[in-house]
Amino acid sequence: MSHLVAPSMLASDFANLERDVKMVNESEADWFHLDVMDGVFVPNISFGIPVISAMKRHAEKPFDVHLMIVQPERYIKEFKNAGADILTVHYEASTHLHRTIQAIKSEGMQAGVAINPHTPVGVLDDIIEDVDLVCVMSVNPGFGGQKFIEKTYSKVEKLHNIIESRNASAKIEVDGGVTTENAKKLLDCGAEVLVAGSFVFSADNPPQTVSDLKNCHLVSA
């Protein structure tokens with residue numbers, strides 16, 4: 001199966017949000033990636049439920065909602081009602097991770113878990129069979145446009161091996177600093193979902209950039 005591309009709306013033009021949602025609709029992108037930040041878990045504030053609800057009215061593709069917030073379990077139903085199709089919580093922010101994952105699934109959403117760059121993939125060993133997605137942060141969360149952390153390649157490989165050995169079905173998503181220069185190597189390591197924000201929305205031709213990310217596996221090394 002071909003990999004998925006999820007443009008991160010954090011890098012979109014908030015003054016022209018409907019335009020940028022339409023661009024993603026018409027591009028080869030598979031998902032919308034939506035980063036929700038609370039200024040506590042990460043040192044920044046992004047958008048919340050009202051903005052996601054507004055985007056959902058115009059969007060034609062699934063919403064991959066990434067919660068960078070403390071106590072994410074408080075808002076599971078609200079994000080479902082806002083339009084989330086996949087809801088991802090951070091391992092570092094979830095005291096009762098298994099319970100939170102089950103609560104997300106009980107609302108009819110796919111459940112994901114994200115790990116920060118300093119968090120080893122081994123912490124997911126007891127939960128990997130219960131999640132639909134693992135988001136490997138390849139930059140420190142909280143701000144867009146950061147430099148890709150090279151250690152990510154080996155983390156993705158290790159995670160891929162864990163998933164394979166447990167016969168689990170979780171997709172590996174990489175978020176942060178993804179470009180056409182590192183995308184193919186990430187896919188070769190086992191990544192299946194590429195999140196790209198400023199690389200897409202700052203490009204001269206965003207739809208073509210999405211297409212390049214979507215077809216990067218066809219480019220010979």
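Just so you know, all these numbers are worked out from the coordinates, no wet-lab data involved. The structure presented is a predicted model; accordingly, all values stated were derived computationally and were not measured. A quick note on method: Cβ atoms are made from the backbone with ideal geometry, for glycine too, and the neighbour counts reach across all protein chains shown.
Here are the criteria: (1) crowded, with 19+ Cβ neighbours inside 10 Å; (2) closer than 23 Å to ALA191 by Cβ. Tell me which single one ASP85 does not satisfy.
Status for ASP85: all satisfied but (1).
Quick check on my filter: what residues within the stretch 15-40 are hydrophobic (A, V, I, L, M, F, W, C), touching a residue at least 24 places away in the same chain (Cβ under 8 Å) and either surrounded by fewer than 20 Cβ atoms within 10 Å (Cβ to Cβ) or in contact with a His (Cβ under 6 Å, 6 or more places away or on another chain) (or both)?
LEU17, VAL21, MET23, VAL40
Condition check ((1) surrounded by fewer than 21 Cβ atoms within 10 Å (Cβ to Cβ); (2) more than 15 Å from the chain's Cα centre (by Cα); (3) hydrophobic (A, V, I, L, M, F, W, C)) across all residues:
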position	(1), (2), (3)
MET68	no, no, yes
ARG74	yes, yes, no
SER94	yes, yes, no
ILE101	no, yes, yes
GLY108	yes, yes, no
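Looking at the stretch 185-206, can you tell me whether even one residue there is of a type in the set (Phe, Trp, Tyr) and buried (at least 23 other Cβ atoms within 10 Å of the Cβ)?
For the stretch 185-206, residues of a type in the set (Phe, Trp, Tyr) and buried (at least 23 other Cβ atoms within 10 Å of the Cβ): present.
Residues that are at positive phi and in a loop (DSSP other than H, G, I, E, B): does the stretch 44-62 have at least one?
no
Pull up the stretch 25-43, narrow it to residues that are in a loop (DSSP other than H, G, I, E, B) and among the aliphatic types (A, V, I, L, M), then point me to the one that is nearest to THR88 (Cα to Cα).
Top of the filtered list is VAL42.
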